[in-house]
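A short worksheet on the structure shown next.
The values are calculated or read from the model by the stated rules, or taken from the named source; none is laboratory data. Given the structure is predicted, the values throughout are model-derived calculations rather than measurements. Positions of Cβ are generated from backbone atoms using ideal geometry, with glycine treated the same way; all protein chains shown enter the neighbour counts.
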Amino acid sequence: MSVLPETSPTPAGDRRTPGWRAWLLLAPMVVWLLAFVVAPTCILLVYSFCQRDELGRVEFVFTLENYARVLDPVYLRIFGRSVGYAALTAVICAVVGFPVAYCIGRAGEAWRQRLLLLVMVPFWTSFLIRTYAWITILKQEGLLNGAVQALALPLGPFDLLYTPAAVVLGLVYAYLPFMILPIYGSVEKIDGALIEAAHDLGAGPWRVFSSVIIPLTLPGLAAGTLLVFVPAIGMFAVTDLLGGAKVPLIGNVIQNQFMQARDWPFGAALGMVFLLLFAFSYAVLLRFRNRGEEVV
Amino acid sequence: MKTPLRLLVALATLLPAVRAAAGGELNLFGWSEYVPQAVIDGFTKETGIKVNFETFSSNEELLSKLVAGGGNYDLVQPSDYAAEVMIRQKLLAPLDLKKLPNLKNLAPEFTRLPHDPAGRFTVPYMSGTVGIVVNTERVRTPVKGYRDVFSPAHKDRIVVLNDSRELVSWALNTLGLPVNTITAANLAKARPVVAEWVKLVKVFDSDSPKTALLNGDVDIGIVWSGEAAILWNENKKFHYVIPAEGAHQFIDVLAIPANATHLSEAYAFINYLLRPEVSVLISGAFPYTNPNAAARKLLTSEQLANPASYPSAGGRLETFRDIGKAAADIDRLVTDLKSAK
């Protein structure tokens with residue numbers, strides 16, 4: 001730092017050396033993270049190497065058995081399926097969310113605010129209540145089949161509730177806003193001149209989309225994918241309510257260890273493996289995102 | 001007893017309970033959807049004792065809170081097998097039966113059961129069974145036991161409790177094996193039976209299995225008797241059957257934890273709940289089987305005619321005992337079979 005002349009500190013240099021005021025402002029956040037993220041994770045880590053007694057109390061006797069059980073094909077298959085469901089959810093969210101985010105981002109100022117509000121309105125109601133509403137829609141004598149019948153469409157009746165399709169629908173519904181908002185953030189920043197320039201240089205609509213718009217919105221797309229994919233892996237309420245708890249996902253298995261099976265150490269081991277999986281997918285997506293930002 | 005909003009309740013119990021500093025209060029830890037608010041209000045109005053009511057939605061939740069030393073409760077409401085573990089682990093205080101004159105109202109068949117043979121630690125609150133509900137408008141064939149429920153004809157028309165131990169115990173009953181002595185050999189025998197059954201089920205739901213039946217998404221189910229009683233009240237087409245192969249009877253009890261501080265308040269509340277005119281209110285809100293013989297005399301003939309609350313015929317009834325670590329083996333078995341689909 002001393003090499004740099006005093007009179008012209010670079011903004012980057014400022015950012016790297018936060019003063020005590022900055023730390024003071026950060027303190028609540030740091031305390032929060034320590035108390036509610038770091039400490040519980042450490043407890044989980046310790047529990048995951050412990051045994052349990054007959055009552056389900058954690059006994060502090062070292063064992064690797066819990067991690068050995070995680071590698072049991074039963075649980076590996078469930079891990080795999082959870083990742084599959086989450087990936088499918090992320091892809092559908094991206095395909096559905098991208099055009100929506102693009103339209104909002106390119107709309108006029110007044111419309112943009114209104115449309116954004118519409119995306120956020122669902123958050124005003126509890127997530128569980130909205131999921132119960134889907135039961136009312138999808139059930140056999142529900143709104144969807146009622147509407148199909150009333151319109152005399154040559155379709156159905158659909159038997160959707162308590163199927164894997166209902167689970168994916170529920171997941172997409174729950175996480176779609178988390179895809180739309182980051183993509184919107186990227187779209188809003190796109191300089192219209194770049195798109196015009198691409199057109200002037202003879203690029204067709206598809207070429208503009210794939211060579212200009214997609215690279216420019218990649219950071220938002222990556223952030224959205226992360227925000228959808230990661231929580232979707234661990235979701236258990238949707239599987240229980242819309243899937244009829246028929247096909248367990250990893251979130252259900254972990255929940256069971258803490259409740260029915262009274263096996264906290266094994267639940268902790270599953271949780272730790274799960275955490276590593278998150279960290280891994282985050283690292284992968286971060287690389288994508290950095291690449292996207294280099295383009296910008 | 002089981003709430004459809006289990007998660008909300010779980011979150012609510014995380015909130016620290018607000019407690020007054022002085023005496024004249026009672027810290028009650030009970031099942032969600034099981035103690036009517038009117039009963040609690042009536043007790044406070046009569047005695048001036050403030051009731052701090054926290055709820056749980058499974059015995060396992062209750063056990064883990066108590067062994068973790070949290071809560072400081074004066075009265076808890078475990079089911080039979082959970083009470084048995086708590087007695088063995090010396091987590092419950094022996095009752096001074098002289099302070100509970102209203103015990104005389106209880107029917108003898110609900111007291112001194114295997115979980116508390118001397119009746120020194122627990123007082124029955126409500127009882128129930130796990131049995132079959134049939135929508136007789138859709139299912140015309142006679143249904144007597146588990147095998148009739150899990151017939152290929154009912155594929156994707158079945159709701160059952162989302163409870164691994166229940167599911168496995170039905171298979172063990174069908175095979176004539178004991179449900180309270182879990183061995184690897186017996187689990188291996190039950191495995192193919194459960195595997196076939198799991199493929200036929202449309203919904204697993206412990207919180208509100210009646211919903212899928214009411215919505216018409218399934219025609220037949222194996223559910224808590226209280227849920228079945230509500231269905232029957234809703235529509236008489238829902239018949240309740242105690243499985244011929246043998247069924248699970250549960251008795252939820254009241255007990256005082258060993259470290260309770262408000263003892264006289266706890267005794268007062270137990271005595272209050274045992275009054276026939278109070279017990280009737282509980283039956284009205286949650287139509288399980290009322291073990292209070294004096295209260296049963298006050299029930300309407302329609303309440304007594306509810307076949308789910310007061311079943312007349314069917315297989316042998318048996319309560320669950322604690323199975324310790326075998327619970328994890330059962331959970332693994334059912335998880336495996338469910339994910340094999």
Failed condition for residue B:262, given (1) within 22 Å of residue B:34 (Cβ to Cβ); (2) free of Cβ contacts under 8 Å to residues at least 40 places away in the same chain; (3) in contact with an Asp or Glu (Cβ under 8 Å, 6 or more places away or on another chain); (4) buried (at least 16 other Cβ atoms within 10 Å of the Cβ): (2)
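I'd like the residue in region B:294-331 that is within 14 Å of chain A (Cβ to nearest Cβ) and touching a Ser or Thr at 6+ places or on another chain (Cβ under 9 Å) and, out of all such residues, is modelled with the lowest pLDDT.
Residues of region B:294-331 that are within 14 Å of chain A (Cβ to nearest Cβ), as a first pass: B:320-331.
Subsequent filtering for residues that are touching a Ser or Thr at 6+ places or on another chain (Cβ under 9 Å) retains B:320-321, B:323, B:326-327, B:330-331.
Values: B:320: 92, B:321: 91, B:323: 87, B:326: 88, B:327: 84, B:330: 91, B:331: 87.
Only one residue fits best here, namely B:327.
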So which pairs qualify, if the first residue must be in region A:243-257 and closer than 23 Å to residue B:157 by Cβ and at the interface with chain B (Cβ under 8 Å from one of its Cβ atoms), the second must be in a helix (DSSP H, G or I) and charged (D, E, K, R), the Cβ gap must be under 9 Å, and the two must be at least 6 apart or on different chains? A:245/B:338; A:246/B:338; A:247/A:81; A:247/B:338; A:248/A:81; A:248/B:338
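Yes or no: residue B:83 in contact with a strand residue (DSSP E or B) (Cβ under 9 Å, 6 or more places away or on another chain), under 28 Å from residue B:277 (Cα atoms), within 14 Å of chain A (Cβ to nearest Cβ) and among the hydrophobic types (A, V, I, L, M, F, W, C)? Talk me through it step by step, then tell me what you get.
On the way: in contact with a strand residue (DSSP E or B) (Cβ under 9 Å, 6 or more places away or on another chain): yes; under 28 Å from residue B:277 (Cα atoms): yes; within 14 Å of chain A (Cβ to nearest Cβ): yes; among the hydrophobic types (A, V, I, L, M, F, W, C): yes.
Yes.
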Please work out which one of (1) touching a strand residue (DSSP E or B) at 6+ places or on another chain (Cβ under 6 Å); (2) away from chain B (no Cβ under 14 Å) is the condition residue A:231 fails and give its number. (1)
Need at least 2 residues that are in contact with an Asp or Glu (Cβ under 6 Å, 6 or more places away or on another chain) and touching a residue at least 12 places away in the same chain (Cβ under 8 Å) per element, so show me which helices (runs of 4 or more DSSP H) inside region B:39-153 make the cut, counting only ones lying wholly within it. B:80-88
Region A:259-278, subset without any contact (Cβ under 8 Å) to a residue 12 or more places away in the chain and farther than 15 Å from residue A:45 by Cα, residue surrounded by the most Cβ atoms within 10 Å (Cβ to Cβ): A:261
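Could you tell me whether any residue of region A:125-140 is in a helix (DSSP H, G or I), hydroxyl-bearing (Ser, Thr, Tyr), under 17 Å from residue A:235 (Cα atoms) and more than 11 Å from chain B (Cβ to nearest Cβ)?
Taking region A:125-140 and keeping what is in a helix (DSSP H, G or I), we get A:127-138.
Filter once more, so that each one left must be hydroxyl-bearing (Ser, Thr, Tyr): A:131-132, A:136.
Imposing the further condition that a residue be under 17 Å from residue A:235 (Cα atoms) reduces the set to A:131-132.
Those left that are additionally more than 11 Å from chain B (Cβ to nearest Cβ): none.
No, there is no match, as no residue in region A:125-140 is in a helix (DSSP H, G or I), hydroxyl-bearing (Ser, Thr, Tyr), under 17 Å from residue A:235 (Cα atoms) and more than 11 Å from chain B (Cβ to nearest Cβ).
Does residue A:174 satisfy the condition of being in contact with a Leu (Cβ under 7 Å, 6 or more places away or on another chain) and touching a residue at least 12 places away in the same chain (Cβ under 8 Å)?
Values: in contact with a Leu (Cβ under 7 Å, 6 or more places away or on another chain): no; touching a residue at least 12 places away in the same chain (Cβ under 8 Å): yes.
The answer is no for residue A:174.
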List pairs: first residue in region B:222-238 and over 21 Å from residue B:126 (Cα atoms), second residue not in a strand (DSSP E or B) anywhere in the structure, Cβ distance under 6 angstrom, at least six positions apart or on different chains. B:237/B:136; B:237/B:137; B:238/B:231; B:238/B:232
Filter result for the condition that a residue is among the polar types (S, T, N, Q), crowded, with 23+ Cβ neighbours inside 10 Å, more than 14 Å from chain A (Cβ to nearest Cβ) and touching a helix residue (DSSP H, G or I) at 6+ places or on another chain (Cβ under 9 Å), over B:186, B:173, B:180, B:162: B:173
Would you mention how many residues in region A:224-242 are touching a residue at least 40 places away in the same chain (Cβ under 8 Å) and either of a type in the set (S, T, N, Q) or touching a Gly at 6+ places or on another chain (Cβ under 8 Å) (or both)? 9
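Counting residues that are of a type in the set (D, E, K, R) and surrounded by 11 or more Cβ atoms within 10 Å (Cβ to Cβ), which helices (runs of 4 or more DSSP H) fully inside region A:18-86 reach at least 2? If you could, list the steps in order and put the result at the bottom.
Working: elements: A:20-33, A:39-48, A:65-70.
Fully inside region A:18-86 and qualifying: A:65-70.
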Going by the structure shown, is residue A:221 over 30 Å from residue B:331 (Cα atoms) and modelled with pLDDT of 90 or more? yes
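Would you check which residues across region B:216-252 are part of a strand (DSSP E or B) and not hydrophobic (A, V, I, L, M, F, W, C) and list them? Before the answer, list the steps.
Start the filter on region B:216-252 by keeping residues that are part of a strand (DSSP E or B), which leaves B:220-224, B:238-241, B:247-252.
Within region B:216-252, B:221, B:239, B:240, B:248, B:249, B:252 meet the criteria.
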